[in-house]
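> Please read through the structure below; I'll follow up with questions.
The values are calculated or read from the model by the stated rules, or taken from the named source; none is laboratory data. Bear in mind that the values here come from a model prediction, so they are computed numbers and not experimental data. Cβ placement follows ideal geometry from the backbone for every residue including glycine, while neighbour counts extend to all protein chains displayed.
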Amino acid sequence: MTVMTAILPLVILILIFGVFIFMVRLAGKFATPKVTHWLLFLYISVLLLGTVFVPFIIDDPMSQKGMGKVVDTDREFSDLYSNLNKGELDQIDAKYLMKESSFSNYQNQTIRVESSNNDGSQILIERKAVNDDTIEAFIFGNGLIIDGYDFSRKLKPYHLELMDNTLTINLPHQQDINLLIAKADFPIRQFTGESIINPSFSTGDQVVYLRIPNNLELIAGDHVFLEFIEK
Amino acid sequence: MQIADWIESEILNGHFENDGKVYSQYQLAEMYTINPATAAKGLNLLVDENILYKKRGLGMFVSGDAKEIIINKRKNQTLKRLVRELVLEANRLQISEIELIEMIKMANNQEAEQ
Amino acid sequence: MRVIECTDLTKTYLRKIVLDKLSFSIEENKITGLIGRNGVGKTTLLKIIAGFIKETSGQVKVFSERPYNNLNVSLNSIFVDDQMSFPPAIPLSEILTVAGNFYPNWDRELAKRLFDYFSFDPKSYHNRLSKGKTSTFNMIIGLASRCPLTIFDEPTTGMDAAVRKDFYRALLKDYIAYPRTIILSSHHLDEIEDLLEDVLLIKDGKKQFQMSISELKEWAIGLKGTTEEVLNLTDGKEILFKEYFGVNTIYAVVKNDFSEFLLNKARLVGVEISSVQPSDLCVYLTSETKGGIDDVFNKH
Amino acid sequence: MSLTSINLWETVKKQYFFKLKANIDAFSSLIGIQLLALLFSFGGVGSVGMGGGNFSINIKYYSADLVIGFTLLWAFVTAITITTKPYRNHDFTFVTNRLSSSLSNILFLLTASIVGSITAILAGNLLKILAHILLDGQIYSINTGIQELVMGVCVTIFYVFFVTSIGYFIGTLVQISKLFIILIPVLFFGTLFLDASMQKEPFLVNVFTFYTMESALSLFIIKVIVTVAVFFTAAISILNRMEVRR
C-alpha cells in the first residue's frame, strides 16, 4: 500500500505537468501578439482593481467586529478567571460576556442545579446580600482563539432552563463552524512564522456565574462543581 | 570578353566619337548586370590595345585612331579565322578553289546591290 | 585589406574530415563565389566564418579577429541561409524594424521598397511563408543590412527564375552603390557567373583553386575532333573531361596552355576549339570520374 | 566599407527588448496558468478541521500559495524553453555572441519573474475577493496589509527568479546532450525514493528546507542570490562553448 501512496503524488505531479505543458502550448499557439497585449492589459487591470477593493470587502483588521487580535491569550485567560473568582464582573471585558439572563420571582426555598454536560461544568455562585427572589445568570466564555484571533463570538453559549425547582445547564447542540480565513502567502509566512498546517488554537470552557438571593438553598445535581464566591 | 567586343562595335558604328567619353565600369556593370571588376577588365583590355586611353579621375576616352586599330585587328583576326573555316568547309565538300572564288564573287555582288 | 584569412583550416565532425587544411583569403569589397558539390563543406566553412561553429584546428581571421563568439564580427557580418530563424510571435514588418535596431547600416527605405516589390504581407508570419518566399525575405534582410561582410548560403533555393533574376540585379545594384564583401555560395554558377569577381572552388574540404572569373573563363579549352588527333594533341596533359560522339569523334577538356600556333595547327587538322563555361569547368574539376555520369552507364 | 564596433551592454539592451517582443506568448501562458491556479484554489489553499466539546470547526485558508506555485512551474518551464535550439537560433540571426544572448535571457527571466510575482500576489487578492463574493460565509483577513503585500512580492520575485536560474541551468545541460532529459528526473526522484526507503532525511528535502525554512529575510536573500549567481554563471560558461546553428 505504501508504494501506492508514494507513487500517487508523483502521478498527480506528472498529470499537472502534462496539463501545464498543454496549456503553455495552447496559449502560445493562437495568441497573436495583439491578443496577448490585450489579455495582459485586461488581466493586470482586473488585478489592480481587486487590490484596491480588497480592504473594503474583507473586514480587516477584525478588531472592528469585536474580534481583535488577542495579544497574550494565557494572560487574558488568567485575568478572566481571577476576576470571576473574585466576583468582580465589572472588571471583565464585555467581549467575554456571552449571555446574560435572569429568572425573577423564584418563590421556592431551594434550587437544584444540574448540567447535561457529563464532563461537568463549573458554576460560580455569588450569594447576594438581599432576598429579591431573582436569580441572575451570566455565561462567560473565551471559547475560541485561532491564530491569536478570538472567534468565540461564533460559539453558542450554554442554554439555561429553569423547570419548577431545577436549573439545568444544557450544552448547545453540536455546532459546525465553517470559517474562511485569508492568510498571507507562503513567502510571507516564511518570515512571519505563521503556519497554515497547524494554526495556534486554544479553547477554554464556558463558565456559568449565578447570583442567587441570600436565603436560597442550593442543591448540587449531577455533573456540577459549585464554587461559592466570598465577597 | 563581350564588353570589349561590344564597345568596339559601338565605336565602329560611331556611337562613341574620337576623344569622346566611354561608359565607366560601373555604368557598364549596371547595364549588363555584370561585376564592375569584369567590366573594368574589358576596358583595360581595350586600353592595352590603345583603342581607349585613361584620363586620371575622369574615366576612359576613345583614342584618336581607335577605328583603324579595330578595323585591322578584326581584319587579321576574326576575318582570317572566318576565311580559314570557309576553306576548311569547302575542302570537306570537295569544292574546287575556282568554284569557291565564284561563290564569293556572287555573294559580294548581292551585298553590293543592297 | 583582407577581410577573411584562413590558414590550414580543418573541421572534423565525429572523425569525418569536412574541411582539410583549407587556406585562402578574401579581399575587401569583392564578390566571391564559393562553389563546390553538396556536402563538400561549403556551409561548414561559412558557419565558421560567421562565428557559429568552432574550427577543429588551423586559424580563421575575419576582420583580423577570430570570429567564434565575437560580437564585432557578428555586428559587421550577416549570414543568410534557408535556416535563418525568426521568432514566430513577430510579424514580418516588425522583423524589419528589429533588424533595423541591430544593424548600424540598415537601410529602412530599401527594405520597405523590396518588401513591397516582392509583395509581402506585413501581417503574416515568417514560419508560414513558402520556401521561395522565405528565401526572398531572408535575402531582403541580407541586402538591406548592408553589412561589410554579407554571406549568402544558397540564397536562391525555392526562388523562381524571375525572382532569382531580380535578386541578382538587386544584389549588384546595391553592391555598386554600397560596395561590401559578399560571399555567394551556390550551385548555379552559370547564373551568378557574371556577378562574381572571384571564384573559390572547394573539393573534399580542400581548396581546388581561387581565381578571378575572367581567368577562369580562359583557364581551360575544349577540343572536339577525331580521336587520335585529339589524343595526340592532349598527350602528356591531364584530361579533365572526355566524351565520345559517333564513331571516333571525341570531345576533351584540358588546361589551356597551348600556344596560338599549336591551336591554329589543330584547327587546320579539323579539331574544333571552344572555350569552356566556368560552371561546366567547375563540374568537371569536382567530379569523381572523368566521364561524368556516362561512366556510370558505360561501365559494363 | 567602414567597420562599426559595439559594446556588450548595448547589444544586451537591444536583445532584451527583442526578447520581450519575441517571447510575448510566454506572458499569455502565464495568464492562462494563473487563472487555472485561481480555479484550483477556490476550494481553499489549505483546510484544517478541529473539534471542541460540542462543536467542530472547519477552517479553509485562502492565499496565493497555489497561484505562486503554478507561477514557479511556469517560470521553470519558460526558463528551459528559452535555452532550446530554436530560441537560441533566433538570437544568432541578428547581432550577438553567446554571452550577450545569455545575459539578455537572464534579464528577460528577471522581468518574467517580476511580472509573474506581482500578478501572482495580486491574483491572491483577487481570489480572496471572489471567495468572499461567491462563497457564503464571511472571509476574515489576517495581516494582509500593504506592507505584507510588498514584502510578499519581493520574496516571491526571489523565489521565481531562483527557479528560473535552476530551469536555465537544466535547460543548458539538456542542450549539451539529450541524455539529461532522462538523467535529471531519474536523479531527482531517485534520491527522493532512495533516501526515503533508507529512512534517511532525503538530500533534496534538506535543500528545500535550507531555503524555505530560513526565517531571516536577509539570510534568505543572500542564499538565493548566491545560488542564482552560481547557476547562471555555470549556464553561461557552458553556453559560451556551445556551437550554434549547426
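> Could you run through region C:1-16 and say how many residues are of a type in the set (A, V, I, L, M, F, W, C), modelled with pLDDT of 90 or more and exposed (fewer than 15 other Cβ atoms within 10 Å of the Cβ)? Give the derivation first.
Step one: filter region C:1-16 for residues of a type in the set (A, V, I, L, M, F, W, C), giving C:1, C:3-4, C:6, C:9, C:14.
Now narrow it down to the ones that are modelled with pLDDT of 90 or more: C:3-4, C:6, C:9.
Next cut, exposed (fewer than 15 other Cβ atoms within 10 Å of the Cβ) only: none.
Counting residues in region C:1-16 that are of a type in the set (A, V, I, L, M, F, W, C), modelled with pLDDT of 90 or more and exposed (fewer than 15 other Cβ atoms within 10 Å of the Cβ) gives 0.
> For C:LEU75, all conditions in the list (1) within 13 Å of another protein chain (Cβ to nearest Cβ); (2) in contact with a strand residue (DSSP E or B) (Cβ under 7 Å, 6 or more places away or on another chain); (3) assigned to a helix (DSSP H, G or I) hold save one; what is the number of the exception?
Every condition holds for C:LEU75 apart from (2).
> For region B:52-70, give me each residue that is in a helix (DSSP H, G or I) and exposed (fewer than 15 other Cβ atoms within 10 Å of the Cβ). Quick ask: steps written out before the conclusion?
Here is the first cut: in region B:52-70, the residues in a helix (DSSP H, G or I) are B:66-70.
If the condition is that a residue be in a helix (DSSP H, G or I) and exposed (fewer than 15 other Cβ atoms within 10 Å of the Cβ), then B:GLU68 is the only one that fits.
> For region C:84-97, does any single residue satisfy the condition of being of a type outside the set (Phe, Trp, Tyr), in the same structural domain as C:PHE167 (by TED's automatic domain parsing) and under 19 Å from C:LEU171 (Cβ atoms)? Even if it seems obvious, please write down each step before you answer.
So in region C:84-97, the residues of a type outside the set (Phe, Trp, Tyr) come out as C:84-85, C:87-97.
When the remaining residues are screened for being in the same structural domain as C:PHE167 (by TED's automatic domain parsing), the result is C:84-85, C:87-97.
Cutting the leftovers down to under 19 Å from C:LEU171 (Cβ atoms) gives us C:84, C:96.
Yes - at least one qualifying residue is present in region C:84-97.
> Whether any residue in region B:89-97 is surrounded by 14 or more Cβ atoms within 10 Å (Cβ to Cβ), within 14 Å of chain C (Cβ to nearest Cβ), over 13 Å from the mean Cα position of the chain (by Cα) and of a type outside the set (S, T, N, Q) is what I want to check. Step through it out loud before you land on a result.
We begin by selecting, within region B:89-97, every residue surrounded by 14 or more Cβ atoms within 10 Å (Cβ to Cβ); these are B:90, B:95.
If we keep only those that are within 14 Å of chain C (Cβ to nearest Cβ) too, we end up with B:90.
Next, from what is left, pick out any that are over 13 Å from the mean Cα position of the chain (by Cα): B:90.
Next cut, of a type outside the set (S, T, N, Q) only: B:90.
Yes, the conditions are met somewhere in region B:89-97.
> Would it be correct to say that A:TYR106 is touching a residue at least 12 places away in the same chain (Cβ under 8 Å), closer than 21 Å to D:GLY51 by Cα and either more than 14 Å from every other protein chain (Cβ to nearest Cβ) or not hydrophobic (A, V, I, L, M, F, W, C) (or both)? Step through it out loud before you land on a result.
Working: touching a residue at least 12 places away in the same chain (Cβ under 8 Å): yes; closer than 21 Å to D:GLY51 by Cα: no; either more than 14 Å from every other protein chain (Cβ to nearest Cβ) or not hydrophobic (A, V, I, L, M, F, W, C) (or both): yes.
Here the answer is no, as A:TYR106 does not meet what is asked.
> Further question on the same structure: Restricted to region C:153-182, and to residues that are within 14 Å of chain D (Cβ to nearest Cβ) and within 21 Å of C:VAL62 (Cβ to Cβ), which residue is nearest to the chain's Cα centre (by Cα)?
Narrowing region C:153-182 to residues within 14 Å of chain D (Cβ to nearest Cβ): C:153, C:174-182.
Of the ones still in play, those that are also within 21 Å of C:VAL62 (Cβ to Cβ) are C:153, C:175, C:178-182.
Numbers: C:ASP153: 8, C:TYR175: 16, C:TYR178: 21, C:PRO179: 18, C:ARG180: 16, C:THR181: 13, C:ILE182: 10 Å.
Per the stated criteria, the residue is C:ASP153.
> Here is a follow-up. List every residue pair whose Cβ atoms lie under 9 Å apart, where the two residues are 6 or more positions apart in sequence or sit on different chains, the first residue falls within region D:100-123 and is without any contact (Cβ under 8 Å) to a residue 24 or more places away in the chain, and the second residue, located anywhere, is part of a helix (DSSP H, G or I).
D:LEU122/A:ILE44; D:LEU122/A:VAL46; D:LEU122/A:LEU47; D:LEU122/A:LEU48; D:LEU122/A:GLY50; D:LEU122/A:THR51; D:LEU122/D:LEU149; D:LEU122/D:VAL153
> If you take the residues of region A:221-231 that are touching a strand residue (DSSP E or B) at 6+ places or on another chain (Cβ under 8 Å) and loosely packed, with under 14 Cβ neighbours inside 10 Å, which of them is nearest to A:ARG112 (Cα to Cα)?
The first filter runs over region A:221-231 and keeps only residues touching a strand residue (DSSP E or B) at 6+ places or on another chain (Cβ under 8 Å), leaving A:221-229, A:231.
Subsequent filtering for residues that are loosely packed, with under 14 Cβ neighbours inside 10 Å retains A:222, A:225, A:227-228, A:231.
Details: A:ASP222: 10, A:PHE225: 12, A:GLU227: 14, A:PHE228: 15, A:LYS231: 23 Å.
Among those residues, the one meeting the criterion is A:ASP222.
> Taking region D:53-100 only, how many residues are among the aromatic types (Phe, Trp, Tyr) and in a strand (DSSP E or B)?
We begin by selecting, within region D:53-100, every residue among the aromatic types (Phe, Trp, Tyr); these are D:55, D:61-62, D:70, D:74, D:76, D:87, D:92, D:94.
Still in the list and also in a strand (DSSP E or B): D:55, D:61-62.
Residues flagged as among the aromatic types (Phe, Trp, Tyr) and in a strand (DSSP E or B) within region D:53-100 amount to 3.
> Name the single residue, out of those in region C:137-152 being under 16 Å from C:LYS42 (Cα atoms) and touching a Leu at 6+ places or on another chain (Cβ under 7 Å), that is nearest to the other protein chains (Cβ to nearest Cβ). Give the derivation first.
Our first condition is that a residue be under 16 Å from C:LYS42 (Cα atoms); within region C:137-152, this holds for C:150-152.
Cutting the leftovers down to touching a Leu at 6+ places or on another chain (Cβ under 7 Å) gives us C:151-152.
Numbers: C:ILE151: 12, C:PHE152: 14 Å.
Result: C:ILE151.
> Tell me, please, whether a residue that is assigned to a helix (DSSP H, G or I), in contact with a strand residue (DSSP E or B) (Cβ under 9 Å, 6 or more places away or on another chain) and of a type in the set (Lys, Arg) can be found in region C:211-227.
yes
> Among the residues of region A:162-194, what is the count of those that are more than 7 Å from chain D (Cβ to nearest Cβ), without any contact (Cβ under 8 Å) to a residue 40 or more places away in the chain and crowded, with 17+ Cβ neighbours inside 10 Å?
Total meeting the criteria: 1.
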